[in-house]
Amino acid sequence: MKEKSVNLQRTESLLKELIPEALAELSDFRINSLTITDVDCKNGKYDARVFFDASDLSAAELKEVRQLLRKASSRVRSYCLNATGWYKCPNFEFLKDDMVAKNLRMEDLFSQIATKQDKDKEEE
């Protein structure tokens, strides 16, 4: 994996703060409280993948949220441009973050292993 420059990491961090603020200003309740988990900028800052937590959304709701985010993308870009004073803001691609669900699953598995080990110790 290629190391990212400090400037690119700084941009990602700033976008990770600004995008939830921009979404919070929108009037649609389905997207204004989404949790942004990560931002991954490409070199040159022309494109950015924005990951959001969709663990509590059904498939139909997820499809609807993606459409709303696609429509709101230009307003989010405008907000980021105004807040930062940049000349150009990356194009956003909003993606569901699967890592949250995977982490929860891993925690469940670890707790099951721990309880099984405790039961095995009690039996000895």
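The values are calculated or read from the model by the stated rules, or taken from the named source; none is laboratory data. The structure displayed is predicted, hence computed values, not measured ones. We place every Cβ from the backbone using ideal geometry, glycine too, and count neighbours over all the protein chains shown.
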**Message:** For a quick check of your reading of the model, give me the residue pairs whose first member lies in segment 39-56 and is under 13 Å from Arg10 (Cα atoms), whose second is of a type in the set (A, V, I, L, M, F, W, C) and not in a strand (DSSP E or B), with beta-carbon atoms closer than 6 Å and at least 6 apart or on different chains.
**Reply:** Val39/Leu15; Cys41/Leu8
**Complete:** Condition set modelled with pLDDT of 90 or more and of a type in the set (S, T, N, Q), scope segment 52-83, selection farthest from Lys16 (Cα to Cα): answer is Gln67
**Complete:** Checked segment 2-59 for anything more than 25 Å from Asn103 (Cα to Cα), of a type in the set (Val, Ile, Thr) and surrounded by 12 or more Cβ atoms within 10 Å (Cβ to Cβ); matches are Thr11
**Request:** Confirm whether Lys96 is in contact (Cβ under 8 Å) with a residue 40 or more places away in the chain, part of a loop (DSSP other than H, G, I, E, B), closer than 20 Å to Leu15 by Cα and not hydroxyl-bearing (Ser, Thr, Tyr).
**Result:** no
**Request:** Filter segment 37-85 down to residues that are outside any strand (DSSP E or B) and β-branched (Val, Ile, Thr) and give me whichever is farthest from Ala24 (Cα to Cα).
**Result:** Thr84
**Message:** If a residue must be touching a strand residue (DSSP E or B) at 6+ places or on another chain (Cβ under 9 Å), under 16 Å from Ala72 (Cα atoms) and among the small types (Gly, Ala, Ser), how many such residues does segment 1-51 contain?
**Reply:** 1
**Message:** Here are the criteria: (1) in contact with an Asp or Glu (Cβ under 8 Å, 6 or more places away or on another chain); (2) among the aromatic types (Phe, Trp, Tyr); (3) farther than 17 Å from Ile36 by Cβ. Tell me which single one Tyr79 does not satisfy.
**Reply:** (3)
